[in-house]
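These notes are about the structure you will find just below.
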Amino acid sequence: MNINVLGEAVLGAGEADERFERVLEMIRRPEINYVSVKLSSIVSQIITIDRVGSLDRVAEKLRLLYREAEEHHTFVNLDMEEFRDLELTVAAFKRILDEAEFSSIAAGIVLQAYLPEAHAAFADLIGGPCRVTTGPVAPSKSDW
């Protein structure tokens, strides 16, 4: 079952923390094996001109998210709200998968094919730490 905790971009740290906790709660549920997450709904203060700071804040949350997902055998798919999130989402995804702790996890990312920039992002992803697979991405928790 794929769960996408509804919500658009958050306005403050409290709202981001609340949404993040809701995602973690879904990950912990035994019947859930796949969650979709938008960075803009779990991290506050994503500032376009503060690329490094925003990436650091996002990466910190993703580490917690992926640790929880790995413990509970839940696939995490990163989605994005809008075009402006493309570069940050891809950069965060690559940064985390480059870290030794997360080098063997199964994780996903959504790229909107209608965006011309998405094609370059895809090429960048398959040339880096990511592996492209076909077929089911999230086995049931009973298969783990």
Might you check whether a residue that is surrounded by fewer than 15 Cβ atoms within 10 Å (Cβ to Cβ), assigned to a strand (DSSP E or B) and modelled with pLDDT under 85 occurs anywhere in region 34-50?
-> no
Just wondering, is there one or more residues in region 96-103 that are closer than 21 Å to E60 by Cβ, at pLDDT 80 or above and in a loop (DSSP other than H, G, I, E, B)?
-> yes
Those residues that are modelled with pLDDT under 85 and over 12 Å from the mean Cα position of the chain (by Cα), I need them from region 53-80; list them, please.
-> G53, S54
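The values are calculated or read from the model by the stated rules, or taken from the named source; none is laboratory data. Since we're looking at a predicted model, the values are computed, not measured. Here the Cβ is made from the backbone with ideal geometry for all residues, glycine too, and neighbour counts use every protein chain on show.
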